[in-house]
1. Filter the stretch 42-71 down to residues that are farther than 25 Å from residue 15 by Cβ and touching a strand residue (DSSP E or B) at 6+ places or on another chain (Cβ under 7 Å) and give me whichever is modelled with the lowest pLDDT.
2. Take the residues in the stretch 2-41 that are under 18 Å from residue 158 (Cα atoms) and in a helix (DSSP H, G or I), then tell me which one is least open to solvent (accessible area, probe 1.4 Å).
3. Could we say that residue 144 is touching a residue at least 24 places away in the same chain (Cβ under 8 Å), under 14 Å from residue 7 (Cβ atoms), within 13 Å of the chain's Cα centre (by Cα) and surrounded by 15 or more Cβ atoms within 10 Å (Cβ to Cβ) here?
4. Output the residues belonging to the stretch 42-57 that are among the hydroxyl-bearing types (Ser, Thr, Tyr), within 18 Å of residue 115 (Cβ to Cβ) and either outside any loop (DSSP other than H, G, I, E, B) or open to solvent by 20 Å² or more (accessible area, probe 1.4 Å) (or both).
5. Please state which one of 106, 141, 175, 147 is modelled with pLDDT under 95 and of a type in the set (Ser, Thr, Tyr).
6. Of all residues in the stretch 107-140, which are outside any helix (DSSP H, G or I) and open to solvent by 50 Å² or more (accessible area, probe 1.4 Å)?
Amino acid sequence: MKVILIRHFATKGNLEKRYVGITDEDILEASAKDYPECGVVFSSPLKRCVQTAKAIYGCSPVIHTGLSETDFGKFEYRNFEELKNDSYYKRWIESGGKLPFPDGESMEEFSVRTVRAFYECIRAAENMKEKRAAFVMHGGSIMAVLSTFTGRCFYNFHVKNGGGYICGFENGRLSITGEINV
């Protein structure tokens, strides 16, 4: 199966370099370029992903709540400038992002949730006999899926808004075959 992983288009919070997790923001513009074709589109329920999926593929996506971005807890919708003097934030940065977000999710909880949702969507696409499935998700969600399947560092897979990866999924293995550059 061909799997297309796409990060949603930019939001106001993205441009302000905020930790935008559970905040439900609209995209700023829908400038869909040429994306790979697919038979089914899966998406996080948050507006930025649903709006991006509709702009790219012209249809309402299949929603899976497990594809949502990390709950950043007390860091939600704040940026470095607002957090730089917070002692827990400093420890979180020093941990390489491994400490849980205060009143939010840990990286492990988030990755397990996201990868479980990804598998459930893959199974649904297989049951529909689809050969190509697109996932319109969040940057963190894409990083969680790719780092889990490749064993590489989570942060190696940072992707720009509207960008993504083209992958193959065979026998429970995901392999990156290309990138979507913006």
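The values are calculated or read from the model by the stated rules, or taken from the named source; none is laboratory data. All figures in this text were calculated on a predicted structure; none of them were measured in a lab. Note that each Cβ is placed from the backbone with ideal geometry, even for glycine, and that neighbours are counted across all protein chains shown. Heads up: the accessible areas ignore ligands, DNA and RNA and are worked out on the full protein's heavy atoms, side chains in. Shrake-Rupley method; radii C 1.70, N 1.55, O 1.52, S 1.80 Å.
1. In this case the residue turns out to be 59.
2. Here the residue is 13.
3. Yes, satisfied.
4. 43
5. 106
6. 128, 129, 130, 131, 132
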